[in-house]
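The values are calculated or read from the model by the stated rules, or taken from the named source; none is laboratory data. This one's a predicted model, so the numbers in the text were calculated from it and none came from an experiment. Neighbour counts run over all protein chains shown; Cβ positions are idealised from the backbone, glycine included. What goes into the accessible areas is simple: the full protein's heavy atoms, side chains included, and nothing from ligands, DNA or RNA. Shrake-Rupley method; radii C 1.70, N 1.55, O 1.52, S 1.80 Å.
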Amino acid sequence: MIRKCLFPVAGYGTRFLPATKAQPKEMLPILTKPLIQYGVEEAAAAGMMDIAMVTGRNKRAIEDHFDIVYELEDQLRGTRREERLESIRGLINDCTYSYTRQVHMRGLGDAILTGATIIGHEPFGVILADDLCVGEPGIMSQMLKVYEKYQCSIVAVEEVPHEDVNKYGIVSGNAIDDRHTLVNTMVEKPEPENAPSNLAIIGRYILTPDIFDILRNTPPGANGEVQITDALQTQAAQGNVIAYRFSGHRFDCGSIDGFVAATNFFYEKLISDRS
Ligand code: UTP
């Protein structure tokens, strides 16, 4: 049973400027729900009800989103519009929310390490909300099953076009079956000619808590940032990382193309639900 899920949401979201100048990119909506809400729904569906967010400057809107707005509740009470608040009310009631701040944007590994005080000494999920995932069951629920079997760190992976490997952490190792690989090599943003494979880590992880000590001793890597991939390489060398090819679809909502694709996907779903 894993209770906690960490959401690193401190990034600047420069690819969405100027929209992200004064609001977090995780609050950009796909139809009516902000990206972060899809992520928290996925964690909650996996039974991870303790939500830990690593925030930064300009991120207050996220905290406000997971809180009650009394005036609004009052206005809508008893009207047909009240149901529009139902999904977020459920999450506010069912989950607890803790926040801590990453002071310097030193990369995803540093953001995860910043969450150590909230997570403590237990395995935990990590969701990057700008990777919006759809699957049945949810991707984090699928990963939990993998964790229950292997009891080590799990990374969700998918094949990406070879020319795109330099945007991702790339893994290779020994295939256990079609969906599971025991990882032995992990490289952050390799050039295509140096990439060990085209199997890319997407924004879903289950990590064992020894990762924090490893991160404390991980120097900055690609882009001068502390990379979670580099820390995971230490676990992989001990045979403690499984790459899992999830069943479902990922939208890279940190990019304009992925964001529009996700919007179209959910819009088409809405239209078919209506008819
Ligand atoms: P990205 O690489 O997408 O960076 O971070 P970004 O700043 O959010 O977006 P761009 O590239 O400038 O448009 C991946 C995830 O890691 C978090 C981000 O919030 C995002 O969820 N992150 C990254 C941190 O929390 N802290 C960091 O120092 C870096």
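Suppose we filter R77, R57, R84, R89 for residues that are within 15 Å of the ligand (Cβ to nearest atom), modelled with pLDDT under 95 and farther than 16 Å from R3 by Cα; which single one remains?
Just a single option satisfies the conditions, and that option is R57.
In the range 241-275, what count of residues is obtained for those that are under 17 Å from G169 (Cα atoms), away from the ligand (no atom under 16 Å from the Cβ), open to solvent by less than 70 Å² (accessible area, probe 1.4 Å) and not aromatic (F, W, Y)?
Going through the range 241-275 one residue at a time, the tally reaches 3.
Would you be able to say whether some residue in the range 190-204 is in contact with a His (Cβ under 8 Å, 6 or more places away or on another chain) and part of a loop (DSSP other than H, G, I, E, B)?
yes
Of all residues being within 14 Å of the ligand (Cβ to nearest atom) and out of contact with any helix residue (DSSP H, G or I) (no Cβ under 8 Å at 6 or more places or on another chain) in the range 20-38, which is modelled with the lowest pLDDT? Just the residue, please.
K21
Scan (1) within 15 Å of the ligand (Cβ to nearest atom); (2) within 17 Å of D50 (Cα to Cα) for the single condition D131 breaks and write down its number.
(2)
What single numbered condition from (1) over 26 Å from G47 (Cα atoms); (2) within 16 Å of the ligand (Cβ to nearest atom); (3) small (G, A, S) fails to hold for G203?
Here G203 meets the rest and fails (1).
Would you say S98 is within 16 Å of the ligand (Cβ to nearest atom), within 30 Å of E188 (Cβ to Cβ) and either crowded, with 20+ Cβ neighbours inside 10 Å or of a type in the set (G, A, S) (or both)?
yes
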